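To start, the structure under review is shown below, and the notes come after it.
Read the figures in this text as sums done on the coordinates, not as results from a lab. What you see is a predicted model; the values in this text were computed from it and never measured. Every residue, glycine among them, receives a Cβ derived from its backbone with ideal geometry; neighbour counts consider all protein chains shown.
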Amino acid sequence: MALLEARGIDVSYYGDIIVLNDASIFIEEGQVTAIIGPNGAGKSTLLKALYGLLKPKKGEIFYRNENITGARTYELIGKGMAYIPQARSVFPDLTVEENLKLGAWIFKRDRSRVSHALEVVYKRFPVLASKRNDKAGMLSGGQQKMLEIGRGLITEPKVYLLDEPTATLAPIIAREIYSFVADLRDEGMTVVLVDQNIRQAFEMSDYIYVLELGTNKASGSRKDFAGGLKGIIQDWLDYDTV
Ligand SMILES: Nc1ncnc2c1ncn2[C@@H]1O[C@H](COP(=O)(O)OP(=O)(O)OP(=O)(O)O)[C@@H](O)[C@H]1O
Ligand SMILES: [Mg+2]
């Protein structure tokens, strides 16, 4: 059974320009599913649609076999979804702790639940604990990414949608972020990873979807792609990064 599934969705931002055209994805529980594809392929759009930020014009989305097409994001958070957008999303003028508390708004005034959730995040990311009263804008790029990941973890998600979590980070910091993602998977979380770093995405993932021009171009397990990857992506990939 899929934890999360999109079946043949069309999505546009405005007017009649279709950005996703009959796109489908099947996300198995407990796995890392990667979405790769060239710039403008619709990877971020697909994540936004799964997270309820964009409503499909056609097709359906299911979460644990429940039709969630058109459900609001706050409902999806309540069901166990978390998401980090591609663009940086920390509030630089708020403190680390205030940023984390924003992730807990769904708990409303349940203070003990919020403080427990904060402690769980601080335990995973000790650097955030030591900087809890610092303005988030003063953190390094890698620490800000940890803060974003931590903010999503506050609601104890079952499935985490990550849009290029290591873009713009130095390789050594990127490795640290990937290792956090691997920890989450090892703890049983389902991860959907959009990534420009094809090699890393392949190493991390159980199953891979290739999107091109808003539609499915290929998909398979890592084994299915063995040897065939370059053929599939030769049109758009800079080989240096493979
Ligand atoms: N807010 C928006 N309004 C209108 N069109 C948009 C918007 N965001 C993206 N698009 C268009 O939708 C298409 C898919 O964009 P999307 O951001 O989903 O691609 P992507 O695969 O994530 O690309 P990248 O690798 O650059 O992040 C592109 O043609 C883009 O120009
Ligand atoms: Mg994108």
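Short version: ³J(HN,Hα) in whole Hz for each residue of the stretch 89-96, in order, from phi by Karplus 6.51 cos²θ - 1.76 cosθ + 1.60 (θ = phi - 60°), x for Gly and Pro, what are they?
Listing the rounded values in order: 10, 7, 8, x, 8, 8, 6, 3 Hz.
If you put +1 on each Lys and Arg Cβ and -1 on each Asp and Glu Cβ, how big is the dipole of the stretch 88-156 around its Cα centre, in Debye rounded to 20?
I would put it at about 80 debye.
Mind putting a number on the dipole of the stretch 36-171 about its Cα centre? Charges go on the C-beta only, +1 for Lys and Arg and -1 for Asp and Glu, and I need it in Debye to the nearest 20.
Approximately 240 debye in magnitude.
What Kirkwood Rh does the chain have if only Cα atoms enter the pairwise 1/r average? Answer in Å.
When all Cα pairs of the chain are included, the Kirkwood radius is 18.4 Å.
Exposure proxy check: VAL194, VAL114, VAL127 ranked by fewest other beta carbons within 10 Å?
Fewest-to-most Cβ neighbours within 10 Å comes out as VAL127, VAL114, VAL194.
Please give me, ordered by residue number, the GluC sites (Glu not before Pro) of the stretch 1-92 that lie in loop per DSSP and have at most 15 other Cβ atoms within 10 Å.
Passing both the DSSP loop test and the Cβ count: GLU29.
Summarise the long-distance tail of P(r) for the stretch 155-200 by giving the % of C-alpha pairs beyond 16 Å.
36
Let me have the 222 nm mean residue ellipticity of the chain computed from DSSP H runs of 4+ only, each contributing -39500 (n - 2.57), with the sum over all residues rounded to the nearest 500.
Calculated mean residue ellipticity at 222 nm is -10000 deg cm²/dmol.
What is the projected area of the convex hull of the Cα atoms of the stretch 1-118, averaged over all directions, in nm²?
One quarter of the hull surface, i.e. the mean projection, equals 9.0 nm².
May I ask which residue of THR95, LEU211, PHE125 lies farthest towards the positive end of the charge dipole of the chain, with charges of +1 (Lys, Arg) and -1 (Asp, Glu) on Cβ and the Cα centre as origin?
Value computed over the given set: THR95.
Of the residues ILE208, ILE17, ILE68, which exhibits the maximal mean-square fluctuation in a Gaussian network model of the chain defined by a 10 Å Cα contact cut-off?
ILE17
Nearest 10 degrees is fine. How inclined is helix 171-186 to the longest principal axis of the chain, computing both from alpha carbons?
90
With +1 on each Lys and Arg Cβ and -1 on each Asp and Glu Cβ, and nothing else charged, work out how big the dipole of the chain is about its Cα centre, in Debye to the nearest 20.
680
Using only Cα atoms and rounding to the nearest 10 degrees, what angle (0 to 90) does helix 111-124 make with the longest principal axis of the chain?
Here the helix axis deviates by roughly 70 degrees.
Which of rounded, prolate, oblate describes the stretch 74-137, given a ≥ b ≥ c as roots of the alpha-carbon gyration tensor eigenvalues and a/c under 1.5 marking rounded, otherwise prolate only if a/b is larger than b/c?
Judged from the Cα gyration tensor, the stretch 74-137 comes out oblate (a/c at least 1.5, b/c at or above a/b).
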